[in-house]
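This report refers to the structure that appears directly beneath it.
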Amino acid sequence: MENYSSKSKLHVRIRNFVWWIAPEKETRDSIKKQSKDIKDRIKAKAEEDGLTVTSMPYSGSFAKKTGLRRHFKGDTEIEGQDIDLPFVVKKDKETEFGPLITRFEGYAKASYPDTPRKPTKSSVKLTFSGTKLAYDLVPMFENPDPEKQTLIRENGEIITTSIGRHKDFIRSRVNESDEEDGIVLFNDCIRLLKWWREVKVKESNGIISDVPSFLIDLLAAKAHDQVGVSSTYPQTLANWFNYIASIIRRRETVWFNDYYKNPKLDSSHIWSVMDPVMPDNNIVKKWSGYQLDELANWFQQGSEIMNRAMVADMLSDDPGSLEHVKQLFGKIFQSHCD
């Protein structure tokens, strides 16, 4: 159905829905303003404590423009958006001792004593109930390579990453999709997949308890690179679902040549989805075979449902088309697609 029309009701409905789940453009400036205030306060407390903060780059879905401003919980949506705020710290004799997360939790308490906070495995989450925003303070060490940073999790795991390169990896594909015919954007497709992921996790009965956003980003990037975007959301999603299902079933290695020429693969892993910046970081190394089979089924079912929705739409069976898409995005889709 490559000639599926961009004037179809189904395309318009999915476009309207993605506008509803995406952060409002008007809020970006206010988020940046509040982010700067948090950065300034936390940095001041860190430097009072003897740390040297070398940079505070934007990262995560807010910086990549792939975030959601609401999430699907149960049969309703929950307002809220998470913003990552990295703090890159110079490592010296003083900073080698004591977990950074514990220290940054103290800075958060001193800076925002009345704001709920919670340490995670790699951050301190500040939740501002009035704005329905949560900010993850992510302390990191600087790396000898100025393009990279080192994250030390609460359990002692050491991860080398690159905030700037990860952001550019996604943003370059957003720009490419923006140049194609039609209005389908790569980052909006990621948003739709993230919402669909939440619906599927809810239905999975614990077989898959989570599909990380980073994995969604990379699978979407591989689909974009190999399949591209069509002129409509239904056709693009149907193609992507089908392609991703096939590479999971075949356990085809997913990697990208944006920043390295060859990945460093470990043959003991069932499947490999490689970090596009770090050639030795397989982000699915802990997934089991039955979980991968289940994930492949999710994507295959997604493709079949979307194709049925398109057929119904082409036959002017509006109720039928709508019912199919509600299987993908939940009953809430009907309330926010027109």
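Points worth noting:
- Taking the range 190-232 as the range and being of a type in the set (A, V, I, L, M), without any contact (Cβ under 8 Å) to a residue 60 or more places away in the chain and within 24 Å of Thr253 (Cβ to Cβ) as the test, the residues that pass are Leu193, Ile216, Leu219, Ala220, Ala221, Ala223, Val227, Val229.
- Residue in the range 279-289 that is in a helix (DSSP H, G or I), at pLDDT 95 or above and under 25 Å from the mean Cα position of the chain (by Cα) present: yes
- Pro234, sole failed condition from (1) assigned to a helix (DSSP H, G or I); (2) more than 30 Å from Lys90 (Cβ to Cβ); (3) under 20 Å from the mean Cα position of the chain (by Cα): (3)
- Scanning the range 131-161 for residues that are surrounded by 13 or more Cβ atoms within 10 Å (Cβ to Cβ) and among the polar types (S, T, N, Q) yields Thr131, Asn143, Gln149, Thr150, Thr160, Thr161.
- For the range 27-36, the criterion of being surrounded by 18 or more Cβ atoms within 10 Å (Cβ to Cβ) and modelled with pLDDT of 95 or more is met by none of the residues.
- Options Asn175, Asn205; residue that is out of contact with any strand residue (DSSP E or B) (no Cβ under 9 Å at 6 or more places or on another chain), of a type in the set (S, T, N, Q) and not assigned by TED's automatic domain parsing to the domain that holds Pro279: Asn175
- Any hit, the range 183-194, residues being touching a Lys or Arg at 6+ places or on another chain (Cβ under 6 Å), surrounded by 22 or more Cβ atoms within 10 Å (Cβ to Cβ) and of a type in the set (A, V, I, L, M, F, W, C): yes
- For the range 178-229, a residue qualifies if it is β-branched (Val, Ile, Thr) and in a loop (DSSP other than H, G, I, E, B), and the qualifying residues are Ile183, Val184, Ile207, Ile208, Val211, Val229.
- Residue list for the range 44-62, filter: assigned to a helix (DSSP H, G or I) and crowded, with 17+ Cβ neighbours inside 10 Å: Lys45, Ala46, Gly60, Ser61, Phe62
- Residue under evaluation Ser213, criteria (1) small (Gly, Ala, Ser); (2) out of contact with any helix residue (DSSP H, G or I) (no Cβ under 7 Å at 6 or more places or on another chain); (3) under 23 Å from Phe17 (Cα atoms), criterion not met: (2)
- Scan of the range 161-199 for residues that are more than 13 Å from Gly60 (Cα to Cα) and of a type in the set (Asp, Glu), ordered by number: Glu176, Asp178, Glu179, Glu180, Asp181, Asp188, Glu198
The values are calculated or read from the model by the stated rules, or taken from the named source; none is laboratory data. Just so you know, these numbers come straight off a predicted model, no measurement behind them. Ideal geometry is used to build each Cβ from the backbone, glycine not excepted, and the neighbour counts take in all protein chains shown.
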